[in-house]
1. Where residues in segment B:177-192 are closer than 21 Å to residue B:92 by Cα and touching a Lys or Arg at 6+ places or on another chain (Cβ under 7 Å), which of them is farthest from the other protein chains (Cβ to nearest Cβ)?
2. Would segment A:40-60 turn up any residue that is among the basic types (Lys, Arg) and without any contact (Cβ under 8 Å) to a residue 60 or more places away in the chain?
3. Within segment A:171-189, does at least one residue satisfy the condition of being at pLDDT 95 or above, within 18 Å of residue A:110 (Cβ to Cβ), in contact with a His (Cβ under 8 Å, 6 or more places away or on another chain) and part of a helix (DSSP H, G or I)?
4. Taking the criterion of being farther than 22 Å from residue A:102 by Cβ and open to solvent by less than 30 Å² (accessible area, probe 1.4 Å), would at least one residue in segment A:173-183 satisfy it?
5. Among the residues of segment B:88-108, is there at least one that is away from chain A (no Cβ under 14 Å), within 30 Å of residue B:159 (Cα to Cα) and not in a strand (DSSP E or B)?
6. Just one of B:211, B:201, B:221 is among the hydroxyl-bearing types (Ser, Thr, Tyr) and either touching a Phe, Trp or Tyr at 6+ places or on another chain (Cβ under 7 Å) or away from chain A (no Cβ under 14 Å) (or both); which is it?
7. Of these, B:73, B:133, B:137, B:117, which one is in contact with a strand residue (DSSP E or B) (Cβ under 8 Å, 6 or more places away or on another chain) and in a helix (DSSP H, G or I)?
8. If you scan segment A:77-87, which residues turn out to be under 17 Å from residue A:225 (Cβ atoms) and part of a loop (DSSP other than H, G, I, E, B)?
Protein chains: 2
Amino acid sequence: MHLFYTPDIAPNAEAYFLNEEESKHAIRVLRLNVGDEVSLIDGKGGFYNAAISDAHPKRVILKIQSAVYEYGKRNHYLHIAVAPTKNIERLEWFLEKATEIGVDEVSLIICQRSERKEAKTDRLDKIITSAIKQSLKAYHPVLNAPVTFAQFMAKPFDGQKFIAHCIEGEKLELRDALTVNGRSLIMIGPEGDFSEKEIATALENDFKAITLGNSRLRTETAALEACFEVNFLNR
Amino acid sequence: MHLFYTPDIAPNAEAYFLNEEESKHAIRVLRLNVGDEVSLIDGKGGFYNAAISDAHPKRVILKIQSAVYEYGKRNHYLHIAVAPTKNIERLEWFLEKATEIGVDEVSLIICQRSERKEAKTDRLDKIITSAIKQSLKAYHPVLNAPVTFAQFMAKPFDGQKFIAHCIEGEKLELRDALTVNGRSLIMIGPEGDFSEKEIATALENDFKAITLGNSRLRTETAALEACFEVNFLNR
């Protein structure tokens, strides 16, 4: 079954026109014809079954046959804030895996010790899109453009806030601290960790320090571990 | 602190000679000198602190100053058997991450639906080695050369045996089935999953079917999810 990501589809649409690029892909590459069935996801929970009614190579018309809303709706909300890795492939890898395992929102934060000060979200967003298609998810995780640690601290978040850092001290285990079926934000630092000042600032802003276990994890592994734990505890 | 992997060091050694390649790296690249301190891990739980007593560019002599045995010894044994992914980088990625999170043994199994029928373990083993150095682990996970599913079934394993497959049916959750602080083997299939025959064979061989959650996961993600769950449940 071929799947298309169609964020602009109307929830009650009876038909949908694939754009020129997707039309070309559908007809020239996938060699689909009139009557062939495809699936559409809108990234907002809508999952549609459709059939090709016009196999025009530049303007494929799909007839919507059925729609399911809130497809695979999650029972909690997870926001991961992570410092972009020096090697961008490690961040890309995290985004693919986090999308497979389950995440709702990802923020990129530039910290004091961040070697990478920017990240192009358009390319990163494409990775998330192909991951939702691959893992059949109807919800598209939101990726926020990079902001500084200070800017991120100024943003409100309605839910539990956690910071995972490597400095010794009193830390909670998510299994003890996380409210199941709730909203959580987990912040993961860059290679070299958060600075002491950043940790102090986070604690002042109602973040609670957590441990992700005794292993020394890379930034992207720690971010995925946090994803794993929150999804596992909400299962 | 520079770390060297020295699997051939004697547990009670007073000195250790770096081989020519490592000596060159230590002196020419890291620019280490007499008196500089380094750490050694032997992959069998030994963690050594040493100092350079002779900075010979081809035969560095290290004086062992202290040794810790069973460094970071794990409280359980995890063996993951996974079908090598079509794209070998996905398997390499799994090996790096599993090493960071915690795994003791990895077997590569060629299944009925495996598109990849072989995998070069020497290169894969190097990835594990760099991961233990990066994550400061004194134990080197064992990587077994690829065998067929049938060959793997014929191997004994002293512990709990699980198979994670995607076919509908009665499945256990690891949190309910896993014996904490025990020995477990978890088998993960190729893209396209195990065949029904392979699943039946595994069940006949005392494997229990488990679920890794409702998300559709890639082979390497499922293998890492299994790794994560076992480590989390043993924390």
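The values are calculated or read from the model by the stated rules, or taken from the named source; none is laboratory data. The model shown is predicted, which means the values in this text are computed figures rather than measured ones. Neighbour counts are summed over all protein chains in view; Cβ atoms, including those assigned to glycine, are modelled from backbone coordinates with ideal geometry. The area values use the complete protein model at the heavy-atom level, side chains included, leaving out ligands, DNA and RNA. Shrake-Rupley method; radii C 1.70, N 1.55, O 1.52, S 1.80 Å.
1. Pass one, segment B:177-192, residues closer than 21 Å to residue B:92 by Cα: B:185-192.
Within this subset, residues satisfying the condition of being touching a Lys or Arg at 6+ places or on another chain (Cβ under 7 Å) are B:185, B:190-192.
Numbers: B:185: 20, B:190: 15, B:191: 11, B:192: 14 Å.
Looking at the filtered set, the residue picked out is B:185.
2. Applying the first criterion (among the basic types (Lys, Arg)) to segment A:40-60 yields A:44, A:58-59.
So of that shortlist, the ones also without any contact (Cβ under 8 Å) to a residue 60 or more places away in the chain come out as A:58-59.
Yes, because at least one residue in segment A:40-60 is among the basic types (Lys, Arg) and without any contact (Cβ under 8 Å) to a residue 60 or more places away in the chain.
3. Taking every residue of segment A:171-189 in turn, none turns out to be at pLDDT 95 or above, within 18 Å of residue A:110 (Cβ to Cβ), in contact with a His (Cβ under 8 Å, 6 or more places away or on another chain) and part of a helix (DSSP H, G or I).
4. Here is the first cut: in segment A:173-183, the residues farther than 22 Å from residue A:102 by Cβ are none.
No.
5. If we filter segment B:88-108 for residues that are away from chain A (no Cβ under 14 Å), which is where we start, we get B:88, B:105-108.
Then drop every residue that is not within 30 Å of residue B:159 (Cα to Cα), which leaves B:88, B:105-108.
From the residues that got through so far, the ones that are not in a strand (DSSP E or B) too are B:88.
Scanning segment B:88-108 turns up at least one residue that is away from chain A (no Cβ under 14 Å), within 30 Å of residue B:159 (Cα to Cα) and not in a strand (DSSP E or B).
6. On the way: B:211 fails: either touching a Phe, Trp or Tyr at 6+ places or on another chain (Cβ under 7 Å) or away from chain A (no Cβ under 14 Å) (or both); B:221 fails: either touching a Phe, Trp or Tyr at 6+ places or on another chain (Cβ under 7 Å) or away from chain A (no Cβ under 14 Å) (or both).
The conditions single out B:201.
7. Details: B:73 fails: in a helix (DSSP H, G or I); B:137 fails: in a helix (DSSP H, G or I); B:117 fails: in a helix (DSSP H, G or I).
Result of the check over B:73, B:133, B:137, B:117: B:133.
8. Quick first cut of segment A:77-87, residues under 17 Å from residue A:225 (Cβ atoms) only: A:78-83, A:85.
Hits for segment A:77-87 are A:83, A:85.
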